[in-house]
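Colleague: The structure that follows is given in the form of structure tokens.
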Amino acid sequence: MPIDFPSPTIPAANQAEVFTRYLDYFRESLIEKTAALPAATRRTSGLPSGWTPLELIKHLRHVERRWIEWGFEGRDVADPWADRKDDRWHVEESETLADLATALRDQGAHTTAVITGNALETVGRPGPRWDGADPATLERVCFHLLQEYARHLGHLDIVAELAGAPTGE
């Protein structure tokens with residue numbers, strides 16, 4: 001489901017709406033760009049780092065989970081690093097693009113509920129995510145998520161360009 005780029009000229013009710021619009025746009029762009037790749041390219045890597053587009057989708061789902069649930073909410077997350085196996089990103093053969101896209105969208109719905117349900121200056125709960133440091137505010141967590149998505153979508157553009165698939169916004 002394509003989402004228009006959240007142009008800075010489009011009015012927003014508040015800063016939380018700006019964050020959620022960009023995150024929604026980045027999530028859907030990630031899914032669309034991955035879907036536009038040849039099926040074999042989704043599970044293989046043409047880069048020295050070795051990650052695959054499907055692994056990237058799973059990674060970003062868990063990035064949101066780590067920063068929102070395990071971090072900001074201070075929830076007990078059984079396996080916060082469930083996107084990794086043998087110290088690298090991993091997707092099981094049984095995991096499909098549809099499965100991973102659903103999990104990412106579901107995580108996104110939770111993230112949106114947290115962002116719209118809290119003031120951005122709210123400080124996260126203490127917990128293991130912070131590794132002994134003071135918890136960050138929700139605003140800082142949102143900025144971190146935006147930079148994660150923007151950086152990784154740029155990485156995906158490289159893979160798409162090499163595969164002859166669509167790139168850019």
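The values are calculated or read from the model by the stated rules, or taken from the named source; none is laboratory data. If you're wondering where the values come from, they're calculated on a predicted model, not measured in any experiment. All Cβ positions, even for glycine, are placed from backbone atoms using ideal geometry, and neighbour counts span all protein chains on display. Keep in mind that these areas ignore ligands, DNA and RNA; they rest on the heavy atoms of the full protein, side chains included. Shrake-Rupley method; radii C 1.70, N 1.55, O 1.52, S 1.80 Å.
Colleague: Could you list, in sequence order, all residues of the range 132-169 that are open to solvent by 70 Å² or more (accessible area, probe 1.4 Å), modelled with pLDDT of 95 or more and under 19 Å from His59 (Cβ atoms)?
Modeller: Correct list: Phe143, Gln147, Arg151.
Colleague: Any chance you could count how many residues in the range 102-124 are in a helix (DSSP H, G or I), open to solvent by 50 Å² or more (accessible area, probe 1.4 Å) and of a type in the set (S, T, N, Q)?
Modeller: Matching residues across the range 102-124 total 2.
Colleague: Next up: Just to be sure, is Arg129 farther than 21 Å from Phe26 by Cα, basic (Lys, Arg) and modelled with pLDDT under 95?
Modeller: Here the answer is yes, as Arg129 does meet what is asked.
Colleague: Could you check the range 125-169 and list, in sequence order, the residues that are assigned to a helix (DSSP H, G or I) and among the hydroxyl-bearing types (Ser, Thr, Tyr)?
Modeller: Tyr149
Colleague: Now for a separate question. Test Leu47 against the criterion of being open to solvent by less than 10 Å² (accessible area, probe 1.4 Å) and under 18 Å from Ala165 (Cβ atoms), and give yes or no.
Modeller: No; evaluated as a whole, the condition is false for this residue.
Colleague: Additional query: Given the conditions (1) farther than 20 Å from Ala109 by Cα; (2) open to solvent by 60 Å² or more (accessible area, probe 1.4 Å), report the number of the one that Ile3 does not fulfil.
Modeller: Exception for Ile3: condition (1).
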